[in-house]
Amino acid sequence: MGATSLAFKVYLILGFELAVLYGCAFFVIQQCKKAFYANKTFLGIAFAEAVNQKRQMDICVVQNEATSLLFFWLVLFAIISLWTASTFIILSSSFIQLIFMTLTAVGYGSLIGFIIIDMDENDGITGLKGASLTTAAMLILVSVSGINFANSLFVSIIAFLILVLIVWELSALVRGISRGAQKIKAVAGIIIFSLSLLVSISMVSVSSDKGLNDWNIAIDLAFSIFLDILYIILEFLEAMAN
């Protein structure tokens, strides 16, 4: 019962947060499309029509000072909510943890929606589907294989790979990066965070086996899985961007 109870708590929280994340993303996408077809703006953002490389219609964001300012504050809100959620998960109660975790989902969900519109929304939706299928595949792999991916050796390898990815990202910000190298980095990110997701999912069983079964632990585990899924989505979008 312990394993089932903890897993139920974790995936109940995770399911809610993913629903908020995807819900906000699709809400933004639909509102942008609605504004485009009505020849109006959404949150001060105007849109124009273009054609992508596949000769499909593509809704483009009109770049101006107001658009840049909105994106800046949206990115800032998403980052601050993420770091605040991480801090409160360590220091605060379950209720406060859940609030800031939900704010993170709202911030990044809205940001993902605008990213998909700002790129080619056809490729963006494809990337979102790819991230969802990858997440489902990792969940099935852990469930079917019965392998404990949360062992010290595997975790150490993943931690090292994430560190390499962070250094690569910082280097790209300083020196710049070609489009081809950017795609390679994004694919590497998808693989690394998919492996990290295996660890996060396995931690549910490991924690249950240790007798840990309360809402604080469930939120910690759900947040860890949520972050891996979020990073997989962002890497897919980067890989699909033209």
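Just so you know, all these numbers are worked out from the coordinates, no wet-lab data involved. Note that the structure is predicted; figures quoted are calculated from it, not measured. Cβ sites come from the backbone with ideal geometry, for glycine too, and all protein chains shown count toward neighbours.
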message: Tell me the mean residue ellipticity at 222 nm calculated for the chain from its helices only (DSSP H runs of n ≥ 4, each -39500 (n - 2.57), averaged over every residue, nearest 500).
response: -28500 deg cm²/dmol
message: Which of the three applies to segment 61-149, rounded, prolate or oblate, going by the alpha-carbon gyration tensor with a ≥ b ≥ c and a/c under 1.5 meaning rounded?
response: oblate
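Applying 1/(1 + (r/R0)^6) with R0 = 41 Å to the Cβ-Cβ distance of Ser152 and Asn122, what FRET efficiency is obtained, to the nearest 0.05?
Values: r = 43 Å, r/R0 = 1.05.
Efficiency, rounded to the nearest 0.05: 0.45.
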task: Relative to the longest principal axis of the C-alpha atoms of the chain, give the angle of the C-alpha long axis of helix 121-145, reported between 0 and 90° and rounded to the nearest 10°.
output: 10 degrees
query: Which of Ala85, Ile140, Leu163 sits closest to the plus end of the dipole of the chain, meaning its Cα is farthest towards the positive end, when Lys and Arg get +1 and Asp and Glu get -1 on the C-beta?
result: Ile140
task: Taking semi-axes √(5λ) of the Cα gyration tensor in Å as the quantity of interest, determine which of (i) 30, 23, 18; (ii) 35, 18, 17; (iii) 33, 21, 17 was computed from the displayed structure.
output: (iii)
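Roughly how big is the chain's charge dipole about its Cα centre, with Cβ charges of +1 (Lys, Arg) and -1 (Asp, Glu), in debye to the nearest 20?
Working: 12 positive and 15 negative charges, 55 e Å.
So the dipole magnitude of the chain works out to roughly 260 debye.
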message: In the chain, if the dipole is taken from +1 on Lys/Arg beta carbons and -1 on Asp/Glu beta carbons about the Cα centre, which of Phe47, Ser207, Tyr231 is farthest to the positive end?
response: Phe47
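Between Leu43 and Val75, 0.36 nm times their residue separation minus their Cα-Cα distance comes to what? Could you put the intermediate results ahead of the total?
Values: separation 32, 0.36 × 32 = 11.52 nm, distance 1.49 nm.
Full extension of this stretch gives 10.0 nm more.
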query: How high is the relative contact order of the chain, given as a whole-number percent (alpha carbon pairs under 8 Å, six or more residues apart)?
result: 30 percent
- line: If one compares the long axis through the Cα atoms of helix 94-118 with the longest principal axis of the Cα atoms of the chain, the angle in degrees, nearest 10, works out at 30 degrees
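Just how many pairs of Lys in the chain have C-alpha atoms closer than 21 Å, counting pairs that are eight or more places apart or on different chains?
On the way: Lys9/Lys210; Lys33/Lys54; Lys33/Lys129; Lys54/Lys129; Lys54/Lys183; Lys129/Lys183; Lys129/Lys185.
Taking the Cα cut-off of 21 Å, the pair count is 7.
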message: Compute the angle between helix 2-37 and the longest alpha-carbon principal axis of the chain, please, reported from 0 to 90 degrees and rounded to the nearest 10.
response: 0 degrees
message: Per 0.36 nm of contour for each residue apart, how much would the distance between Phe16 and Phe160 grow if the chain were fully extended, relative to their Cα-Cα spacing?
response: 48.8 nm
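Would you mind calculating the gained length between Ser171 and Ala188 on full extension (0.36 nm times residue separation, minus the Cα-Cα distance), in nm to one decimal? Show your work: numbers first, answer last.
On the way: separation 17, 0.36 × 17 = 6.12 nm, distance 1.54 nm.
Extra length from Ser171 to Ala188 when fully extended: 4.6 nm.
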